[in-house]
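A short write-up of the structure that comes next.
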Amino acid sequence: MPITPEYPAAVAAWIEGHSQPANLADKNMIVLHETEGSTAEGAISTFRQSVAPHRVSCHFVIDRDGTVYQCISIADIAWHASQVNAHSVGIEHAGISPTGAKAISHAHALMTPPRPPISAMPCTEAQYVASAKLVAWLCGRLQIPCDRVHVREHCEASPADHHDLCCHGALDPDRVVTMAKAFVGTSS
Ligand SMILES: [Zn+2]
């Protein structure tokens with residue numbers, strides 16, 4: 001496991017035991033996720049605490065302020081989108097979709113004592129910029145075109161996970177790709 005992040009603008013947040021060794025040459029897709037939570041820290045701790053057979057992880061997590069955390073080497077397999085794990089790199093974005101907010105609010109109402117409902121948290125401008133720069137860098141490393149065929153939402157890349165309602169709605173993937181195209185070929 002490398003010590004310094006592979007992505008120059010990232011902060012290291014390596015997660016051990018939640019990935020499999022693989023080859024960068026086999027990677028040909030980037031998958032965009034939403035955490036359905038308000039912080040990167042929360043998502044990273046969920047990854048670290050997840051246990052077999054439901055261990056989960058993701059290569060990168062982008063916080064609300066645009067800080068990028070790298071958790072898994074881009075050559076290795078993380079467990080973020082079951083149908084494409086072997087050949088993709090995953091990016092989580094801290095945010096809450098309208099559907100996620102509804103589900104969390106419903107769970108809050110059933111607690112004793114009940115907790116207040118929460119609102120959706122669309123991704124911030126800082127996250128869009130950070131995500132676009134990271135996507136552009138990854139397209140260079142993976143040698144793939146920066147387009148919507150190679151940069152997909154979880155629900156598009158791995159429909160069998162049934163994440164078409166969660167992990168969708170807080171981030172506009174078209175906008176990330178459009179912004180990323182402007183960064184392709186720049187260093188970071
Ligand atoms: Zn997802």
Taking first residues from region 108-126 that are within 14 Å of residue 62 (Cα to Cα) and second residues anywhere that are of a type in the set (S, T, N, Q) and not in a loop (DSSP other than H, G, I, E, B), the pairs with Cβ under 9 Å that are 6 or more apart or on different chains are 123/131
Restricting region 104-118 to residues that are assigned to a loop (DSSP other than H, G, I, E, B) and β-branched (Val, Ile, Thr), the one farthest from residue 168 (Cα to Cα) turns out to be 112
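Within region 72-126, track down each residue that is hydrophobic (A, V, I, L, M, F, W, C) and open to solvent by 40 Å² or more (accessible area, probe 1.4 Å). Please lay out each step first, then the result.
Going through region 72-126, the residues hydrophobic (A, V, I, L, M, F, W, C) turn out to be 72, 74-75, 77-79, 81, 84, 86, 89, 91, 94, 96, 101, 103-104, 107, 109-111, 118, 120-121, 123, 126.
If the condition is that a residue be hydrophobic (A, V, I, L, M, F, W, C) and open to solvent by 40 Å² or more (accessible area, probe 1.4 Å), then 79, 86, 103, 104, 107, 109, 110, 111, 118, 120, 121, 126 are the ones that fit.
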Among the residues of region 42-65, the number that are over 15 Å from the mean Cα position of the chain (by Cα) and either of a type in the set (Gly, Ala, Ser) or closer than 18 Å to residue 84 by Cα (or both) is 5
Taking first residues from region 58-82 that are within 16 Å of the ligand (Cβ to nearest atom) and second residues anywhere that are open to solvent by 10 Å² or more (accessible area, probe 1.4 Å) and among the acidic types (Asp, Glu), the pairs with Cβ under 6 Å that are 6 or more apart or on different chains are 58/92; 61/92; 82/161
For region 143-166, pairs from a residue that is on the phi < 0 side of the Ramachandran plot to a residue that is among the aromatic types (Phe, Trp, Tyr) and within 12 Å of the ligand (Cβ to nearest atom), with Cβ under 9 Å and 6 or more apart or across chains, are none
Taking residue 26 as the residue in question, decide whether it is in contact (Cβ under 8 Å) with a residue 60 or more places away in the chain, open to solvent by 60 Å² or more (accessible area, probe 1.4 Å) and within 28 Å of residue 99 (Cα to Cα).
no
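The values are calculated or read from the model by the stated rules, or taken from the named source; none is laboratory data. Just so it is clear, the structure is predicted and the values come from calculations on it, not from any experiment. Ideal geometry is used to build each Cβ from the backbone, glycine not excepted, and the neighbour counts take in all protein chains shown. All accessible areas refer to the heavy atoms of the entire protein, side chains included, with ligands and DNA or RNA removed. Shrake-Rupley method; radii C 1.70, N 1.55, O 1.52, S 1.80 Å.
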